[in-house]
Structure formats: C-alpha cells, structure tokens
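Okay, so here's the structure we're looking at.
The values are calculated or read from the model by the stated rules, or taken from the named source; none is laboratory data. The structure presented is a predicted model; accordingly, all values stated were derived computationally and were not measured. Using ideal geometry, Cβ is built from the backbone for each residue, glycine included, and neighbour counts are taken over all protein chains shown.
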C-alpha cells in the first residue's frame with residue numbers, strides 16, 4: 001500500500017489542475033419599479049414636523065449602521081411586525097449579501113397628508129464585489145404624537161425584497177496565492193496550495209533494529225530534533241497512529257525508497273495550503289486561522305465564507321488582499337419558495353497574486369538550524385537597501401500545525417501554551433536593553449556636540465568614581481582583567497570601556513546636552529517602528545530627567561528597549577554613510593505568468609542622518625578595530641576570517657542576572673555581485689556578547705558569502721555545525 005501511495009503521489013505531481021465546472025446561466029429579469037401607495041388627497045400642513053428632516057435623521061443612522069437607533073424610529077405597527085432582533089438581522093444580512101462597503105441616500109421628493117407622508121429616495125450601495133448598486137424606493141411614514149415614524153418594510157433596503165423575497169450570494173473563490181523566497185523557483189515556494197503528505201508511525205509495528213535510524217530520518221526530513229520526534233510517540237500505545245510531521249509530495253517522492261524501507265512508517269496524502277520544510281521564515285510568512293466570531297461579518301462583507309481561513313500574522317495577514325484574490329459573485333433575488341426571481345449582479349473571480357519575499361531561503365534555513373536551543377533572533381539586511389535577507393526567531397514553529405486538515409493539528413494547543421512563546425517574533429517584536437552596542441550611538445552624540453573628538457584620551461580604569469555616591473565597575477574588573485589605561489575615544493569603542501562612556505554621558509549632561517544621546521538614537525531609528533510589513537514593536541528610547549539615568553543610557557542600559565530589526569537597520573545606516581531605509585520583506589507582488597503589480601526597485605529612504613562624515617568614519621574605525629585589532633573585544637572570534645568587517649559587542653544587564661548577548665556588524669567588501677550586509681544578533685540570557693552572539697554573526701556572514709556552503713566554524717552550543725552538543729556536554 002505504501003508503494004502504491006508513493007506512485008500516486010509521483011503521478012499527481014505530473015498533472016495540472018483545471019476547473020471543469022460551468023455555472024448555470026440565469027436570465028436577468030427587469031428590475032421592478034416601486035409603486036406609490038400614499039392615499040390622496042395631498043394636503044399641505046405648515047404646522048406638521050418637516051418630513052424630509054425626519055427622513056434625513058433616519059438616513060444618517062442608516063449610514064452609520066446604527067440599526068438599534070433606527071428601530072426606535074419605527075411605527076408601533078412596524079415594531080409589532082418586526083422585533084428589533086429581526087430588524088437588525090435583516091439589515092446585516094442585506095449588507096453581507098451585497099458585500100456592502102457604504103450606503104448613501106438622496107431624497108427625491110415627498111408627499112404629505114394629514115397624518116401620513118411618503119418620501120421617495122435613491123439608495124446607493126458601494127460594495128466590495130459587485131460595484132455600485134442604486135435603486136429608487138419609498139419610505140412610508142406615519143405621524144405618531146408629534147413625531148414622524150417609519151412604517152418599515154424590507155423593500156426600503158431594495159425594492160426587490162418586497163413580498164418576502166430575499167438575497168442569495170453565490171461566491172467563486174480563487175486559489176490562494178503562493179509566497180516565494182527571493183531565490184526560489186516557481187516549483188518550490190515557501191507557501192503554496194499543493195499536494196502534501198503527513199508522516200505517521202504505529203509504534204508497535206516499528207522494527208526495533210530500525211528505530212534509531214527511523215527517528216533520525218524523521219528528524220531530518222521534518223526539520224525536527226531527534227528528541228522532538230521521540231517525544232511525540234513516547235507515551236503512545238503500540239497500536240496508535242502518531243503523526244510526526246508533514247512534508248511536500250515532492251519531498252516524499254524524492255525519498256520514496258527510504259520511506260518504503262521502514263516498517264511502521266505510513267503516508268497520509270492530502271491537498272491543502274502547505275508551508276514547505278515545516279516553515280522557512282515562519283515569522284515572516286505568518287500563518288492562517290479560521291475567521292473569529294467577532295470578525296465574521298467584516299470578512300463576509302468582503303466576500304468570504306465564514307468557514308474559510310484568513311491570514312493571521314506575517315505576510316499572510318499583511319498580504320491578504322493580494323493572496324486571497326478577488327472573489328467572483330452572483331447575486332440573486334429569490335422568492336419564498338427559493339425560486340430565482342432575478343439576478344441583480346454578477347462579477348467574475350480574479351486570480352490571486354503571489355508574493356515573492358526578499359528572504360534568501362538557504363541563508364534563512366541554515367540560520368534557523370544554527371539557533372539550536374538558543375532563544376533570540378538574527379536579522380540580516382542588505383546594507384545599502386535594508387532588504388531583509390534573513391529573519392530568524394528562535395524558538396520557531398511549524399505554521400502547518402494551524403491547518404485543521406493536517407494530521408499534526410492536534411499540536412496547536414501545545415504550541416500556543418508553550419512558555420517559550422514560539423509564535424513571538426523576537427526579531428521585530430522582541431525588545432531588549434541594547435547594552436554596549438548602544439555605545440555606537442553615544443559616540444556619535446559625543447562627536448556631534450563637539451565636546452569630544454575621536455583622538456581625545458581618557459583613562460579607562462577598572463572602576464569609575466566621577467559620580468558622587470556611586471561606583472561603576474568596568475567589565476574588565478568583573479572578569480578579573482587589568483585596566484585598559486589611556487584610550488582614545490575610538491579605542492574606547494574598540495574596548496567597550498564603560499568608564500569612557502559613563503564619562504561621556506555625565507559630561508554631556510553637565511554641559512547642557514541633556515537630549516543629545518536619545519535624539520541621536522531616534523535619528524537612527526531606535527525606539528521607533530521601522531515600517532516593515534510584518535508585526536513589530538517600537539521599544540523605547542526615553543529622555544532621562546537626571547544625570548544618573550543619562551550616563552547609564554550612554555552604556556545602553558537605563559530603560560532603553562530596542563529590537564534586533566532596529567539594531568540591524570541602524571547598523572546598516574552606519575555602514576552605508578548615514579542612509580536610514582525602511583526595511584522590507586516584499587520583493588514582488590503579481591499574478592503568475594504576468595508582469596508584477598509591484599516590484600522593489602529602490603529603497604525607501606526614511607532619512608539621511610546628519611552625522612558628519614568624519615564622525616561617522618571615526619565610529620566605523622572603532623567598529624572595525626573591535627574585530628580586527630588584537631585588543632578588540634571580538635577579535636579572537638575572527639582569527640583567519642576573511643573580509644572587511646566592522647562590529648560591536650553588547651552584553652546587556654537583566655533583572656535575572658544573566659545578561660542578553662548582542663552583536664551588530666556590517667561588511668564592506670564592495671563586491672558588485674554580492675551586496676554588503678548588516679547583521680544584528682540577540683540571544684536572551686545567553687551571557688557575553690563576544691562569546692555567544694559574535695559567533696552567530698560570523699556564521700551569518702560566512703553563510704551569506706559562501707551561498708550557504710560554509711558555516712564559518714562551530715557555535716558554542718554545537719559539537720559540529722548544526723549538530724547540538726549532547727546534554728552532558730553542555
């Protein structure tokens with residue numbers, strides 16, 4: 001049976017899909033004209049309330065869709081015929097069936113008798129699917145007490161709704177568009193509607209001699225750890241069928257002989273929206289969910305069925321209007337016996353557009369693998385454009401789990417309740433104290449004020465006593481190293497000397513430059529949303545109100561909170577001469593086989609930062625020495641590592657004691673065939689930036705310039721590239 005399924009999968013990949021159904025043609029019938037019913041004679045009564053003003057107030061409520069308030073305007077008889085719940089429901093159903101965006105009114109004429117009136121009006125519906133729909137109809141009114149009341153009937157919404165008629169909307173839903181990486185062919189997207197396979201095992205049927213190899217194979221093919229695979233069936237009964245993961249039909253076909261060799265391993269084919277390789281850049285692509293109860297009416301008015309799924313995060317959410325296509329719609333009027341009276345409107349479906357991202361899938365994949373069990377993020381941007389080449393947030397997740405058609409859907413609850421919060425994008429939503437990477441900003445502020453120069457010398461002792469009542473310890477003191485002694489400002493950045501930057505903060509405060517440091521931070525986009533297409537948090541850059549907070553800010557502490565995305569983007573601006581661009585993960589949008597409707601051509605400039613070129617050059621010099629000078633805080637991580645690099649370590653104090661590890665940097669190779677990059681790494685509670693984050697920066701640079709062939713050494717949590725240390729080795 002397994003071999004038969006594999007043969008069918010391979011055969012299905014050779015076939016295209018086509019829709020052979022043809023909708024039944026229904027002849028249009030003339031639109032009925034409203035028939036005036038007001039009795040004569042017509043009498044003018046100057047002492048009666050103005051009927052058109054009363055009608056206008058009702059129309060205003062209707063435009064605002066305040067149906068409950070509209071109901072209060074109805075006559076006693078109308079309220080006897082229709083209770084408020086039914087009245088509201090009929091209006092909402094009409095709005096949904098019309099896919100209404102807005103409704104507007106124009107009073108055409110009015111007729112008046114002693115205690116009755118009639119207002120003729122034109123109602124105009126702007127809709128999402130069927131364009132503009134206009135009808136002329138009539139409002140019958142009755143004088144009750146001193147006020148006009150409305151004798152409401154459904155034909156006030158549309159004349160066609162008289163005599164118990166109702167609307168029925170028939171939708172044609174196009175296949176959702178794909179999401180591609182920048183380097184992928186049309187045959188291998190990141191996300192697509194395609195044939196896929198769930199891999200399941202029956203524990204009692206596994207050959208004990210094959211079990212270790214089976215687990216390793218399943219871990220490899222589903223991008224999970226060996227331990228994760230074992231946990232899935234650890235407590236299963238021998239005859240249970242346990243879902244391990246999902247793979248594309250192409251992957252199943254390519255591995256058919258290996259799959260067929262294992263006893264107890266079974267395939268369950270399905271066709272659905274599928275995230276390849278269990279989610280490449282899942283925080284960028286996002287995932288889909290069923291329409292929530294509170295959003296049902298909103299989506300129905302856009303032409304969705306209530307049982308559909310919609311984008312819930314990432315590009316699935318941002319690009320919903322492109323990926324969903326345009327629904328086709330046939331709007332019918334039916335009578336009480338469900339027979340078609342007329343077709344009011346018809347529009348054809350339009351194909352969904354696909355989104356090609358800026359993500360380099362190979363770089364992204366191996367960076368995701370590189371994160372191991374670390375919690376944090378890596379962001380890689382093109383230095384001169386801020387196109388996002390990789391955005392890895394760890395822990396990650398498999399977006400397929402949210403698909404109820406997929407056999408691992410049972411894992412949704414565990415995913416949502418996971419205390420490590422895998423759905424949280426630590427690259428753009430995670431905000432952290434920046435620690436010493438912020439000294440780049442403080443150095444710019446020091447130079448821009450003119451109070452300091454690059455070659456100014458300050459003695460970097462192990463302890464700092466300039467602020468009365470408080471003593472600061474340099475990192476060299478806490479680690480048992482000798483004091484650095486006299487350092488220029490450039491060397492102070494190279495050595496990440498805390499006393500140098502405390503001195504800068506205190507001096508600037510005392511000299512009246514009490515906003516210079518936070519001003520420069522905001523100028524470089526810190527504590528501000530970048531404008532990227534996916535979810536992000538702005539973090540915080542505060543304006544201290546005392547000297548202590550100000551000089552603590554100068555070393556990247558205080559209440560500062562920034563994201564890895566912001567850090568990568570400001571690093572790019574340092575490296576490209578001061579051009580701060582809006583980061584983007586979208587390269588192209590378009591219909592398959594046609595010219596795209598959007599193409600990224602040039603970066604969107606947020607601002608040209610006004611840092612003087614000579615000051616920017618001094619900062620770059622200091623960042624270069626961090627990596628290339630033997631005394632640089634990260635130099636030992638880049639011995640025999642080629643390329644022109646500049647960087648900065650960061651070790652940010654936390655309330656839990658163990659610091660966050662940071663590293664930012666950029667390349668300056670000026671290779672016309674390989675754009676330079678800027679990278680930011682943050683690892684939560686990981687320790688020293690030079691020890692933990694710098695190696696991951698090195699990995700990112702090596703992978704990028706080698707087209708993912710060279711890992712750039714082993715990371716502290718690996719025994720070899722991409723293979724984690726055993727627990728007893730950690």
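Figures for the structure shown
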| item | result |
| --- | --- |
| Entirely in segment 296-336, the helices (runs of 4 or more DSSP H) that have 2 or more residues that are touching a residue at least 40 places away in the same chain (Cβ under 8 Å), surrounded by 20 or more Cβ atoms within 10 Å (Cβ to Cβ) and touching a helix residue (DSSP H, G or I) at 6+ places or on another chain (Cβ under 7 Å) | 314-318 |
| Residue in segment 372-381 that is at positive phi, in contact (Cβ under 8 Å) with a residue 12 or more places away in the chain, buried (at least 17 other Cβ atoms within 10 Å of the Cβ) and not in a loop (DSSP other than H, G, I, E, B) present | yes |
| Residue in segment 101-111 that is within 30 Å of residue 387 (Cα to Cα) and either at pLDDT 95 or above or buried (at least 21 other Cβ atoms within 10 Å of the Cβ) (or both) present | no |
| Test set (1) more than 30 Å from residue 129 (Cβ to Cβ); (2) over 23 Å from the mean Cα position of the chain (by Cα); (3) touching a residue at least 40 places away in the same chain (Cβ under 8 Å) - residue 425 fails condition number | (2) |
| Subset of segment 177-186 that is modelled with pLDDT under 90 and in contact with a helix residue (DSSP H, G or I) (Cβ under 8 Å, 6 or more places away or on another chain) - its residue that is surrounded by the fewest Cβ atoms within 10 Å (Cβ to Cβ) | 183 |
| Residues that are more than 18 Å from residue 496 (Cβ to Cβ) and touching a residue at least 24 places away in the same chain (Cβ under 8 Å), drawn from segment 539-558 | 539, 540, 542, 543, 544, 547, 548, 550 |
| Residue check, residue 89 assigned to a helix (DSSP H, G or I), without any contact (Cβ under 8 Å) to a residue 12 or more places away in the chain and within 52 Å of the chain's Cα centre (by Cα) | yes |
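Quick grid of which residues meet (1) part of a strand (DSSP E or B); (2) touching a strand residue (DSSP E or B) at 6+ places or on another chain (Cβ under 8 Å); (3) free of Cβ contacts under 8 Å to residues at least 60 places away in the same chain:
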{"site": "651", "(1), (2), (3)": "yes, yes, no"}
{"site": "657", "(1), (2), (3)": "no, no, yes"}
{"site": "664", "(1), (2), (3)": "yes, yes, no"}
{"site": "682", "(1), (2), (3)": "yes, yes, no"}
{"site": "712", "(1), (2), (3)": "no, no, no"}
